[in-house]
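Structure first, then comments.
We did not get these values from a lab; they are worked out from the coordinates using the rules stated. In this text the structure is predicted, and so the values were computed from the model without any measurement. With ideal geometry, Cβ positions are generated from the backbone for all residues, glycine too; neighbour counts draw on all protein chains shown.
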Amino acid sequence: MASVNFGTLGMPKRPGGATGSSVISKVAVYGVEECLIKLAAVNKVARIELGYLSHKSAEIIQEKAKHNIHPVTGNLETGVTIAHPAPYVWTIEASSMAGGVPEKNSYEYASFVEFGTSTTGHGYPSYGFMRRAYAETLPDIMVALKNIGEHLERL
Amino acid sequence: MKQIIDSIRRALRSDPKIESLCGLDEDGETKAYQAMAKTNVSAPYVIWSILSGIDSPPVYGDGYVIQDLMVATSAWGRNSTEAWQLAEFIQEAFEEADYAAEPWGMMFNRRISFPRELPDRDTNLVQVTADYWLRFSR
């Protein structure tokens, strides 16, 4: 642990002089090197663990979202993809136009399955396949974040 | 769980602002429906559904249990203005409800997504969706 020492270091007498002296104060921080090493370790571990958590969470949400879809053509199921636009940021996108059955890619309908359509005529309820996947994964993410925090505190 | 779902239904159906905007259906109920609206009901109306119910492990033994619910809402309107106004009323209803759901007590509720406006597939209706996180304990 770093510590700071501040104090007056004596009042040396000048040879032959009767009075007067200089005053020296010393300010020092001890343990800087050890502290920086620990901070570097915290930095490294946090980056690794948070990076892994964000990636893994995105993959889990992706899999759960696929699982929540009742496949008809298979385009929406295979059209759930993840992307990594920035460090520690992962996005999960569902698009029927990005599905794996191109000959049946006629129009985008992902949002109609996710949020439902009106009941005037032949309406469909909201399946919420993406939001359910997120909601089901959130408690595990919170636990994992807490564990990372405790791990970092122990370093 | 049933008591909680009943309290959410009551919160939306008994809200005077939602009732004044949506009106009553042919059964005399405020047009706020779970999962699916009644056939041929006309906009504006509210659809809500439970996205997930998470049974958290007991805290402090078995005497204290937390129940988290993710609730999805859709405010259907004949135009954008009406849908957004209804979405605002839904949020206020969630904030002001008493959630009488013995033995459960409300701990907190918060909106967990930005409301968004979406077109309908088959009609000119507009829906504004928003999700809420409700936490109960007993």
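Here are a few things to note about the model shown:
- Whole-number D in µm²/s for chain A (Stokes-Einstein; Kirkwood sum over Cα pairs; 4 °C, 1.567 mPa s): 62 µm²/s
- Hull volume in cubic angstrom per residue (convex hull over the Cα atoms of region B:2-137): 104 Å³
- Pairs of alpha carbons in the protein assembly as shown whose separation is greater than 31 Å (percent): 48 percent
- Using the Cβ-Cβ distance between A:Lys38 and B:Lys2 with R0 set to 30 Å, the FRET efficiency works out to roughly 0.05.
- Between A:Ser25 and B:Met107, the FRET efficiency from the beta-carbon distance, with R0 = 51 Å, is close to 0.40.
- Spin-label pair A:Val101/B:Arg138, simplified geometry with 7 Å Cα→Cβ offset, distance in nm: 4.4 nm
- The angle between the Cα long axis of helix B:2-13 and the longest principal axis of the Cα atoms of chain B comes to about 30 degrees, rounded to the nearest 10.
- Tilt relative to chain B, helix B:80-96 - C-alpha long axis, 0 to 90 degrees, to 10: 20 degrees
- Acute angle (nearest 10 degrees) that the helix A:32-68 long axis makes with the longest principal axis of chain A, alpha-carbon atoms: 10 degrees
- Per residue, the average separation of C-alpha pairs within less than 8 Å and at least 6 apart gives region A:46-154 a relative contact order of 25 percent.
- Only Lys, Arg (+1) and Asp, Glu (-1) charged, at Cβ; region B:1-116 dipole about Cα centre in debye: 380 debye
- Reach of B:Lys2 by Cα under 30 Å, taken over lysines that are not fewer than 8 positions away in the same chain: A:Lys64, A:Lys66, B:Lys17, B:Lys31, B:Lys38
- Candidates B:Tyr33, B:Tyr64, B:Tyr99: whichever shows maximal mean-square fluctuation once chain B is modelled as a Gaussian network with Cα springs under 10 Å: B:Tyr64
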